[in-house]
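Notes follow the structure.
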Amino acid sequence: IRQQRKQDIKDVGDLKNLDALRVELLGKKGPITQALRGMRDLPADQRPKFGQFANTVRDELQGAIEARRDELKKDRLNKQLANEKIDVTLPGKPVAQGQPHVIQQIIDQIEDLFIGMGYQVLTGPEVEEDKYNFEMMNLPKDHPARDMQDTFYITKDILMRTQTSPMQARTLEKHDFSKGPLKMISPGVVYRRDTDDPTHSHQFHQVEGIVIDKHITMADLKGTLELIAHELFGNRFDIRLRPSYFPFTEPSVEADITCFNCGGKGCAVCKYTGWIEVLGAGMVHPNVLEMAGVDSEVYGGFAFGLGPDRFAMLKYGVDDIRNFYLNDVRFLTQFSKKG
Ligand code: FA5
């Protein structure tokens, strides 16, 4: 029986069963404990011998169990190590890399272009004072042209800027003309209570530009706008200037670019005009210069505000501006710089 039990111990395949067997053999109800308990019924002279024998058997079984337990533990560890073995020769998994948003890519391109022409790039607050967004842009309170830009007001005097034009007033106020002309662009996010549709979003981007010096003309404006259009889109697209109205420029124009969707034939995207409006511009109004403390008799120049969202639509043939704001990775990764 002793040998048989030892063999049983060796045959146990896992630690759990081994523990069960240990309880069965050596536990309170096990044969050894029972035998030792029964010893008191034996004649006194046989007790020591029997006790000794029972203890030997117990120690042997105990020893066998421990030896098996060590073996099983070692097996388990070996198996685990085999499973977790790292194959250093396997090719690595590529790590997905982020990238600038497609609109940011367009803004970066525009910035590079203007930096190359000696402009400085400045950014301003999105939560803006009425004073800069409207009043200093020649739009006093109750001016009817405020309706052109439906506004999210925070208080009576604080609002979400509806345009990047307040950066004109902010930089004109600070610029020291004795040190040279002002040439600045200012990219950023603007907000309007516009109803979202394929070409309008209530939150979109603008890049403001302003050049003020002594002899700036409308021809400089036109040349600059044509240059941006051709640099960004190549010669596939035409640009046209249309007379327009902005309270802060006089004269004012709007620039349209050939509709990317129909190539100028007319479709729903361009409301059957063949053109998509991409920017507003004009010669800075003397009132704007004077309010910012610049002598309008001596200095003058042009300003423009373009919409990079519309540029991105044109450049990549995206037919709905809302795609840019839904953050669907499948859409956005199409514009990966890596291609
Ligand atoms: C303005 O915001 C003027 N501040 C632009 C300006 C600057 C004129 C300097 C003169 C001198 P306008 O509201 O037209 O103008 O907007 C300018 C451009 O922003 C538009 O040509 C268009 O490209 C873009 N835009 C306007 N509204 C939206 C809209 N809801 N969603 C997307 N793009 C828009």
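Results, tabulated for the structure shown:
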item: Gyration tensor verdict on the stretch 195-259 (Cα atoms; rounded if a/c is under 1.5, prolate if a/b is larger than b/c, oblate otherwise); result: oblate
item: Ile158 long-range amide H proximity, modeled H, under 5 Å; result: Asp130
item: Two-decimal log10 I(q)/I(0) for the stretch 202-339, as the Debye equation yields it once each C-alpha is a single scatterer, q = 0.12 Å⁻¹; result: -0.56
item: Net charge of Cβ neighbours under 9 Å - reference Thr199; Lys, Arg +1; Asp, Glu -1; result: -2
item: Sequence-distant residues sharing a close amide H with Gln163 (under 5 Å, placed H); result: Tyr191
item: Relative contact order for the chain, counting Cα pairs under 8 Å that sit 6 or more residues apart, in percent; result: 14
item: Helix-only mean residue ellipticity at 222 nm for the chain, each DSSP H run of n ≥ 4 adding -39500 (n - 2.57), per residue, nearest 500; result: -12000 deg cm²/dmol
item: Viscosity 1.306 mPa s, 10 °C: Kirkwood-radius Stokes-Einstein D of the stretch 269-339 over Cα pairs, µm²/s; result: 103
item: From phi via Karplus (6.51, -1.76, 1.60), per-residue ³J(HN,Hα) for the stretch 158-169 in Hz, x at Gly/Pro; result: 10, 8, 7, 4, 8, 7, 8, 4, x, 5, 4, 4
item: Alpha-carbon centroids, the stretch 97-174 and the stretch 1-64: separation in whole Å; result: 90
item: Cα convex hull of the stretch 3-54, projected area averaged across orientations, nm²; result: 4.0
item: Tensor-based shape of the stretch 1-122 (alpha-carbon gyration tensor, a/c under 1.5 rounded, otherwise prolate or oblate); result: prolate
item: Range in the chain, longest, excluding exposed GluC sites (Glu not before Pro) [loop by DSSP; at most 15 other beta-carbon atoms within 10 Å]; result: 127-296
item: Dipole magnitude (debye, nearest 20) for the stretch 198-339, charges at Cβ of Lys, Arg, Asp, Glu; result: 800
item: Among Gln7, Pro48, Leu279 - extreme Cα towards positive end, dipole of the chain, charges at beta-carbon; result: Pro48
item: Contour excess over end-to-end distance, with Cα ends at Gln104 and Arg242 and 0.36 nm allotted per residue; result: 46.9 nm
item: Residues with amide H under 5 Å from that of Trp275, placed H, sequence gap 5 or more; result: Cys259
item: Angle between the chain longest axis and helix 15-26 axis [Cα atoms, degrees, rounded to 10]; result: 30
item: Label-to-label distance, nm, for residues given as Lys179 and Leu227 (7 Å Cα→Cβ offset); result: 2.3
item: Counting all C-alpha pairs of the chain, share separated by more than 29 Å (%); result: 57
item: Nitroxide proxy distance, nm - points 7 Å out along Cα→Cβ at Phe53 and Lys16; result: 3.8
item: 3J(HN,Hα) from dihedral phi, the stretch 85-96, Karplus parametrisation 6.51/-1.76/1.60, rounded to Hz, x for glycine, proline; result: 4, 9, 8, 6, 8, 5, x, x, 7, x, 8, 5
item: The stretch 45-203 - Rg over Rh from alpha carbon coordinates, Kirkwood radius; result: 1.67
item: Cα-based convex hull, the stretch 140-267, per residue volume (Å³, whole number); result: 148
item: About the Cα centre, charge dipole magnitude for the chain (Lys/Arg +1, Asp/Glu -1 at Cβ), debye; result: 3220
item: Most mobile of Leu306, Leu81, Leu122 in a GNM of the chain (Cα contacts under 10 Å); result: Leu81
item: HN-Hα J in Hz across the stretch 308-325 - Karplus 6.51, -1.76, 1.60, θ = phi - 60°, x for Gly and Pro; result: x, 4, 5, 4, 5, 4, 5, 5, 10, x, 8, 8, 8, 4, 5, 4, 5, 10
item: Distance in nm between pseudo-label sites at Asp196 and Tyr325 (7 Å out along the Cβ direction from Cα); result: 0.6
item: Positive minus negative residues near Ile110 (Lys, Arg vs Asp, Glu; Cβ under 15 Å); result: -4
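Readers should treat all values here as calculations from the given coordinates under stated rules, not as data from a laboratory. Predicted model, so just to flag it, every value in this text is computed and none were measured. As a convention, Cβ positions derive from the backbone with ideal geometry for all residues, glycine included, and neighbour counts pool all protein chains shown.
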